[in-house]
């Protein structure tokens, strides 16, 4: 079941009828927020405002916003290292997201976890380990728990192309297939696993083909088309809530920057990067909304200004927050 | 009312009673349902509780543990099984990188109340990959509790305590103890706390620190040496992590000598940690070196019967250790 959507250009009338202005503008604002937060995180790292590393998702925003935007409070997200912004989509206040980067005591994990490895328990975002595909496994376990408790919550699990080579990926999806677990496996295929290109990672072109091996649907879509992502995700979420089982949603996308902020990504060709930048998911959606007269230039500037102010306030909070005290080192090993 | 049952029956009873008492508890693992477990430890539970609570899993230790971890985050109390400790290695990623660190990395936002049952240890000439005893690997990971009972009474009580514990517990079951030992086990609800070690035999001449199947070997050796006028105090360390330093130190301060006995290999075995603790905290009380009688440093127990026998940690080897230490 492959669906390569090109809706933004081809079916404008259908779009307008299918989605409310409220939803479209909501998606747009969230895309802008994720984009601006991510770029800010990069700047702050380069200014030496926090240590460690940052794994930018700029260029991939539609894969997160489109899949998690309309999740309920009781739904779960299982993020990996490039999904710091998934906390934002789930509703985490920006001030705590920036506190996370700075490893301040006001972060959800009191400065324990690495900057980009953010979770948020009260919003059901699982604090990730760095282990690739780790979150897929734990998220699959959460889905088992959801099913056992008779709930209709879902788990959205994010991972890249590299993760699909990992043994744990196969174990998790196989298990979810057997038990028809409510997981949406969102494979953000950005063609590079750090510096390893897709052709050395797998013999496949469409990673969604893997779903056949586990007995559930796999779909490949343009991960930079926010509405394609949103619609595919809604279908998958509805399936999951109805007890029909998992979906593997391959979102073809691209990360603009290196694997991390210390990776200049010289292994990629400039032409490839430039070609993908022209397919900027935020700019493309902006263009569509302006064409549909749902967004004006003035409104666009206003959103950017407000978001900047929100971010500045959040960064200020993070900067003012204290670090955790050294005496906390041995807390939270046991109950 | 207490009656004599073996460890296998005691564990089965603990699982059955706890699953009756607490709806949140369920078990999962390979061959545990339809087959009742390869040693029959979970026999009858599928019939009693159904597929929803007794889950035969795919052949994949990683997801067995991960499924448990995630379910526990949802408030359930899963008890996954690792069929043989020799096959725990694919699950180490989940146990070490997820279970042990989940509470810590989330500053208490998430927790992981799972109990992993693991069948371990030498017995019946099972060979290289059905005999390993690797509990010590996990003692090295803060955030995990590691227990190994040596008798049916402790097995039932500690398993119940483990399932009710808010943190991850690795519950090691020595396969040679499943049917070999019987003790009086109450048929009702009780727990044996995770943590405290126990003095199994009092003595004034030296302390033997031991655990698991070696508890029985050590008691056997102590009885035999008693006839030669050496009285050994045998302290069974039922909980390997967290270590009950108080009981251990009290005993060694009393006897002034310590012999450590464990089945697992010598180098970096549990005895190495105990020796370091005693050296740090009981140096002034020691009248002799801290000696260890352990499994040899070979990669695994070879199959051929005479090699297996050469490998074994038996009362004779323990007695030789006792004699050597007694001479100081």
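The values are calculated or read from the model by the stated rules, or taken from the named source; none is laboratory data. Predicted, not measured: the structure shown is a model, and the values here were computed from it. In this analysis, Cβ positions are derived from the backbone assuming ideal geometry, glycine residues included, and neighbour counts consider all displayed protein chains.
Give the residue that is farthest from residue A:151 (Cα to Cα), with candidates limited to residues of the stretch B:75-89 that are more than 10 Å from every other protein chain (Cβ to nearest Cβ) and assigned to a loop (DSSP other than H, G, I, E, B).
Result: B:84.
Answer yes or no as to whether residue A:299 is surrounded by 18 or more Cβ atoms within 10 Å (Cβ to Cβ), more than 18 Å from the chain's Cα centre (by Cα) and part of a helix (DSSP H, G or I).
No, not satisfied.
Can you list the helices (runs of 4 or more DSSP H) found entirely within the stretch A:150-248 that contain at least 1 residues being surrounded by 24 or more Cβ atoms within 10 Å (Cβ to Cβ) and in contact with a helix residue (DSSP H, G or I) (Cβ under 6 Å, 6 or more places away or on another chain)?
Once the helices (runs of 4 or more DSSP H) in the stretch A:150-248 are filtered for at least 1 residues that are surrounded by 24 or more Cβ atoms within 10 Å (Cβ to Cβ) and in contact with a helix residue (DSSP H, G or I) (Cβ under 6 Å, 6 or more places away or on another chain), what remains is A:167-179, A:226-241.
Name every residue in the stretch B:90-102 that is more than 8 Å from every other protein chain (Cβ to nearest Cβ), crowded, with 20+ Cβ neighbours inside 10 Å and either in contact (Cβ under 8 Å) with a residue 40 or more places away in the chain or closer than 12 Å to residue B:143 by Cα (or both), in order of residue number.
Taking the stretch B:90-102 first, the residues more than 8 Å from every other protein chain (Cβ to nearest Cβ) are B:91-92, B:95-96, B:99-100.
Then keep just the ones that are crowded, with 20+ Cβ neighbours inside 10 Å; that gives B:91, B:95, B:99-100.
Across the stretch B:90-102, the qualifying residues are B:95, B:99, B:100.
Is it the case that the stretch B:185-194 has a residue that's surrounded by 24 or more Cβ atoms within 10 Å (Cβ to Cβ) and within 27 Å of residue B:250 (Cβ to Cβ)?
Checking the stretch B:185-194: not a single residue is surrounded by 24 or more Cβ atoms within 10 Å (Cβ to Cβ) and within 27 Å of residue B:250 (Cβ to Cβ).
Going through the stretch A:143-157 one residue at a time, which ones are more than 8 Å from chain B (Cβ to nearest Cβ), within 23 Å of residue B:58 (Cα to Cα) and in contact with a strand residue (DSSP E or B) (Cβ under 7 Å, 6 or more places away or on another chain)?
A:154, A:155, A:156, A:157, listed by residue number.
Please go through the stretch B:53-74 and give me each residue that is more than 7 Å from every other protein chain (Cβ to nearest Cβ) and either farther than 21 Å from residue B:140 by Cα or without any contact (Cβ under 8 Å) to a residue 12 or more places away in the chain (or both), ordered by number.
Correct list: B:53, B:54, B:55, B:56, B:57, B:59, B:64, B:72.
Name, by its number, the condition in (1) touching a strand residue (DSSP E or B) at 6+ places or on another chain (Cβ under 7 Å); (2) over 30 Å from residue A:72 (Cβ atoms); (3) in a helix (DSSP H, G or I) that does not hold for residue A:276.
Here residue A:276 clears every test but (1).
Assuming residue A:108 fulfils every condition listed in (1) assigned to a loop (DSSP other than H, G, I, E, B); (2) more than 7 Å from chain B (Cβ to nearest Cβ); (3) free of Cβ contacts under 8 Å to residues at least 24 places away in the same chain apart from one, which condition is it?
(2)
Residue-wise test of (1) over 12 Å from the mean Cα position of the chain (by Cα); (2) within 21 Å of residue B:98 (Cβ to Cβ); (3) in a loop (DSSP other than H, G, I, E, B).
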| position | (1), (2), (3) |
| --- | --- |
| B:138 | no, yes, no |
| B:141 | yes, yes, yes |
| B:150 | no, no, yes |
| B:160 | yes, no, no |
| B:167 | yes, yes, yes |
| B:173 | no, no, no |
| B:180 | yes, no, yes |
| B:188 | yes, no, yes |
| B:192 | yes, no, yes |
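Can you go through B:105, B:117 and tell me which one is buried (at least 21 other Cβ atoms within 10 Å of the Cβ) and within 8 Å of chain A (Cβ to nearest Cβ)?
So the residue among B:105, B:117 that is buried (at least 21 other Cβ atoms within 10 Å of the Cβ) and within 8 Å of chain A (Cβ to nearest Cβ) is B:105.
Let me spell it out: the conditions are (1) touching a strand residue (DSSP E or B) at 6+ places or on another chain (Cβ under 6 Å); (2) free of Cβ contacts under 8 Å to residues at least 24 places away in the same chain, and residue B:234 meets all of them except one. Which number is the exception?
(2)
Is there a residue in the stretch B:22-40 that is in contact with a helix residue (DSSP H, G or I) (Cβ under 6 Å, 6 or more places away or on another chain), assigned to a loop (DSSP other than H, G, I, E, B), crowded, with 21+ Cβ neighbours inside 10 Å and outside the structural domain of residue B:264 (by TED's automatic domain parsing)?
Within the stretch B:22-40, one or more residues are in contact with a helix residue (DSSP H, G or I) (Cβ under 6 Å, 6 or more places away or on another chain), assigned to a loop (DSSP other than H, G, I, E, B), crowded, with 21+ Cβ neighbours inside 10 Å and outside the structural domain of residue B:264 (by TED's automatic domain parsing).
Quick check on the stretch A:318-335: of everything there that is touching a residue at least 60 places away in the same chain (Cβ under 8 Å), over 24 Å from the mean Cα position of the chain (by Cα) and not in a loop (DSSP other than H, G, I, E, B), which residue is farthest from residue A:30 (Cα to Cα)?
It comes out as A:328.
For the stretch A:116-142, which positions are facing chain B (nearest Cβ under 7 Å) and not in a loop (DSSP other than H, G, I, E, B)?
A:121, A:134, A:137, A:138, A:139, A:140, A:141, A:142
So which residues in the stretch B:41-59 are surrounded by 15 or more Cβ atoms within 10 Å (Cβ to Cβ) and over 21 Å from residue A:145 (Cα atoms)?
Residues satisfying the conditions are B:41, B:42, B:43.
Looking at A:99, A:92, which one is crowded, with 24+ Cβ neighbours inside 10 Å and within 14 Å of chain B (Cβ to nearest Cβ)?
Criteria check complete, one pass: A:99.
Can you name every residue in the stretch A:106-151 that is on the phi > 0 side of the Ramachandran plot and at pLDDT 95 or above?
Of all residues in the stretch A:106-151, those on the phi > 0 side of the Ramachandran plot come to A:110-111, A:124, A:133, A:150.
A:110, A:111, A:124, A:150 - these are the residues of the stretch A:106-151 that are on the phi > 0 side of the Ramachandran plot and at pLDDT 95 or above.
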